[in-house]
1. Could you tell me whether the range 91-200 comes out rounded, prolate or oblate from its Cα gyration tensor? Rule is a ≥ b ≥ c as square roots of the eigenvalues, rounded for a/c under 1.5, then prolate if a/b exceeds b/c, otherwise oblate.
2. So in the range 3-217, what percent of DSSP beta bridges are antiparallel if you round to the nearest 5?
3. Taking the alpha-carbon centroid of each part, what is the distance from the range 191-225 to the range 120-188 in angstrom?
4. Dipole of the chain, Cα-centred, from +1 at each Lys and Arg C-beta and -1 at each Asp and Glu C-beta, to the nearest 20 debye?
5. Which order do the peptides 87-96, 172-181 come out in when sorted by mean C-beta neighbours inside 10 angstrom, highest first?
6. How much length is gained on full extension from His204 to Asn2, taking 0.36 nm per residue of separation minus their Cα-Cα distance?
7. Just grab the label-to-label distance for Arg183 and Leu76, each label 7 Å out from Cα along the Cβ direction, in nm (one decimal).
8. Between Gly90 and residues 5 or more places away or on another chain, which pairs have amide H atoms under 5 Å apart, with H built 1.01 Å from N, and which residues are they?
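Read-outs throughout are calculated quantities, based only on the coordinates presented, and are distinct from any laboratory measurement. Everything numeric in this text was worked out from a predicted model, so none of it was measured. Quick reminder, even Gly has a Cβ in these numbers, built from the backbone with ideal geometry, and neighbours come from all protein chains shown.
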Amino acid sequence: MNDVLRLEGIAKTYNPGTPGAVEVLRGLDLTVARGEVVALIAPSGAGKSTLLHIAGLLDTPDAGRVVLNGRDMTGLGDKPRTEARRRELGFVYQFHHLLPEFSALENIVLPQLANGVAERAAQARAAGLLDRVGLSARAGHRPAALSGGEQQRVAFCRALANAPALLLADEPTGNLDPATSDRVFDMLMALVRETGLSALIATHNMDLAGRMDRVMRMDKIVASP
Ligand SMILES: Nc1ncnc2c1ncn2[C@@H]1O[C@H](COP(=O)(O)OP(=O)(O)OP(=O)(O)O)[C@@H](O)[C@H]1O
């Protein structure tokens, strides 16, 4: 079992059977091998977010299988899916989504406490991750007191807090200016490589995509006549 994620024959239509039906995914196959970083490149509206939601167990496909770490997640109930999401997946979005009333450190501690990690251990891991991205001096700052690049670095640490098997990222540096995006992306890649994490990273930036192991291109479905 060398694939962390396997999507097989995924189909998704929004509002099926209505005049507003939108067929987004049809027969989509995708794998991410252990330790592999895959770039997902798609034109706007091709269904990249839909795909990441399905891979992230936040949405279910109409057809096909989602296999995470060798376990078929298709058809499982909310509870095991939520559990798998918390333990096996890390998420990073274009916007940091950090909790504004908590410090950088606390934002990385809280998801660990939710997974039953003891507070001291959670704090030590959070501090180690912040150190790794050069933010030890900012550990006590709230998100509003951090720059955009710093916020995103904290968001990476949070995504890695519970040592997931797979990182799912949607334009993780899309909100940053090109120079900052470049630097912050390098940090993310270094973290991913160091931890042997697998990742599926959607981006419009071909330069960033070129630094990943493989590029997966998605095209817009052309509706059948
Ligand atoms: N809940 C929904 N109901 C109906 N249509 C939807 C829904 N969510 C997305 N869509 C449609 O599905 C298509 C794919 O959406 P999705 O957000 O997955 O695209 P995307 O590739 O992530 O786009 P972008 O790069 O612009 O964010 C779009 O045409 C969108 O309008």
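1. Values: a/c = 1.64, a/b = 1.20, b/c = 1.37.
Note, shape of the range 91-200 comes out oblate.
2. Working: 15 of 32 bridges.
The antiparallel fraction comes to roughly 45 percent.
3. Each part reduced to its Cα centre gives a spacing of 20 Å.
4. Numbers: 25 positive and 25 negative charges, 66 e Å.
So the dipole magnitude of the chain works out to roughly 320 debye.
5. Numbers: 87-96: 19.3, 172-181: 17.4.
Final packing ranking: 87-96, 172-181.
6. Numbers: separation 202, 0.36 × 202 = 72.72 nm, distance 2.77 nm.
This chain segment gains 69.9 nm when fully extended.
7. Distance between the two pseudo-spin positions: 4.0 nm.
8. Leu166, Leu167, Leu168
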